[in-house]
1. Semi-axes of the equivalent ellipsoid for segment 181-226, please: Cα gyration tensor eigenvalues, times 5, square-rooted, ordered largest first, whole Å.
2. Once you have the Cα-Cα distance between LYS341 and ASN376, take 0.36 nm times their residue separation minus that, and quote the gain in nm to one decimal.
3. Quick check for you: which residues of segment 206-223 have the amide N under 17 Å from the point 7 Å beyond the Cα of ARG267 toward its beta carbon?
4. Let me make sure I get this right: for segment 5-133, a, b and c are the square roots of the gyration tensor eigenvalues over alpha carbons, sorted descending. Under 1.5 in a/c it's rounded, otherwise prolate if a/b > b/c, else oblate. Which is it?
5. Label segment 218-258 by shape, choosing from rounded, prolate and oblate, from the square roots a ≥ b ≥ c of the eigenvalues of the Cα gyration tensor; if a/c is under 1.5 it is rounded, and otherwise prolate applies when a/b is larger than b/c, oblate when it is not.
6. Between 0 and 90 degrees, rounded to the nearest ten: what's the tilt of helix 437-446 against the longest Cα principal axis of the chain?
7. Which FRET efficiency, nearest 0.05, do ASN448 and GLU194 yield, Cβ-Cβ r, R0 45 Å?
8. Take the cross-link list LYS193/LYS297; LYS238/LYS336; LYS123/LYS264; LYS21/LYS68; LYS68/LYS337 and give me the ones stretching past 30 Å between alpha-carbons.
Amino acid sequence: MKMYRIAVVDDEVNFARFLAKNLRNENFLVDIFFDGSSFLKYLENYDPDVVLLDLSLPDCHGLSLYPKILKSNNLTQVIVITAHGNLDTAVEAIKMGCYDYINKPFGLDEIILIIKRALERKKILEELNFRRNKEYECVEIDSLIGSSAKMKDLKKLLMMVADADDVTVLIQGESGTGKNLFARIIHNLSKRKENPFIEVNCASIPDNLIESELFGFEKGAFTDAKNSKKGLVELADKGTLFLDEVAEIPFDMQAKLLSFLENKTFRRVGGVKEFNIDVRVIASTNRDLEQLVRDKKFREDLYYRLNVINIKIPPLRERGEDIIELANFFLEQYTKKYNKKLVFDEEVISILKRYRWPGNIRELRNLIERAVILSNEPVITTEHFVIKCDDNYQGLSLSESKSVIEINKLEREMIIKALEESDFVKTKAAEKLGISRYALLRKMKKYNLL
């Protein structure tokens, strides 16, 4: 039976020891820390399942540790405990993502129950991640939804890139365009498909840990390094190493990555033995690496070494005819999941085509799931949507002062604009909006425009 690890971070020594003793009686592994700095050092080598976090610590505010816990392991569940809490702090903690909040004094049965519920949540999240990874293992070129010219060209490029399975690839695209899916497809199409696909989110690894995470370490390399550990590069041998968000790698680490890419050799931290690895490297970023090079924030030689083959994923707003295809795909997916039978009405389809999609496919997917959940009728209408817009996406965001616009208000503005551009000829305005003249008249009546 697995023993779960609990970290208690509390400056009240007697309380922390008392709590730890009782949790150990429940067969938990418990580590105690009386300040934030010692706990952060512990996080460099351990991943607790649950953290019991006091807000009032001698060297920091407890909530300031939460982003660092999340960066170390985003599945760790954090329960805030304090004698100094108030409702505002509780709300802030929950908004940040903490699992729960409890005030001292509390009963042992109460905190044990909360811990067990937190562990159940962690297990569910782990299972979801596992299933997601299993789904990725079988993704193929047909997993890319879209028949636009840009997608057809991309599919051809992926086929060619996959064949050259020792060449470094740089995938660039906005957040939400599916860069990790493209990387997985390249791997699955290559001769390396039976070997590991190791994904590394470079932004989630603390700067002081990234070398040991990538290249591993030898026993005694640093305090608490009681055993040698293979790095992610070594685990990817004969397969593919996917460096997601590669622009976030610290500048002083970039030279070591460059050396590895050029020679396919490395040494573990604290070691002298040189390891030779056969691995294909795929990197991705949503940032402008050329600009980072000009700003001296990314090494020029590393950029050219990564950019042997460049794949630029177009944003969803440039894939016009694919939007409805993707929307119908997600609709089918989520109606099956929630056991519903739903279709879009024509007004929704028109708006989906015209929206600028700043969050790309991720935003579309989440919006469709939300609409399916909220809809109790067979037809999904504009009432089931809330679309986020900002000043960078004026193609549809007609009101510059609003950051969140309910779609019925947005639709009214679209109709007014279409009428003005068509000299109030309703047939022309309807054509601009992609709806029938009758539908336009209905909407004009609804919004008091007749």
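Rule-based calculations on the coordinates, nothing more; no lab input. What you see is a predicted model, and the numbers here were worked out from it, not measured in a lab. Please note: Cβ atoms are built from the backbone with ideal geometry, for glycine as well, and neighbour counts cover all protein chains shown.
1. Details: eigenvalues 178, 39, 6 Å².
Equivalent ellipsoid of segment 181-226: 30, 14, 6 Å, largest first.
2. The span from LYS341 to ASN376 would gain 11.6 nm if fully extended.
3. 211-222
4. Values: a/c = 1.35, a/b = 1.25, b/c = 1.08.
In terms of gyration-tensor shape, rounded.
5. Note, shape of segment 218-258 comes out oblate.
6. Helix 437-446 sits at roughly 70 degrees to that axis.
7. On the way: r = 64 Å, r/R0 = 1.41.
Using R0 = 45 Å, I get an efficiency of 0.10.
8. Beyond 30 Å: LYS193/LYS297; LYS238/LYS336; LYS123/LYS264; LYS68/LYS337.
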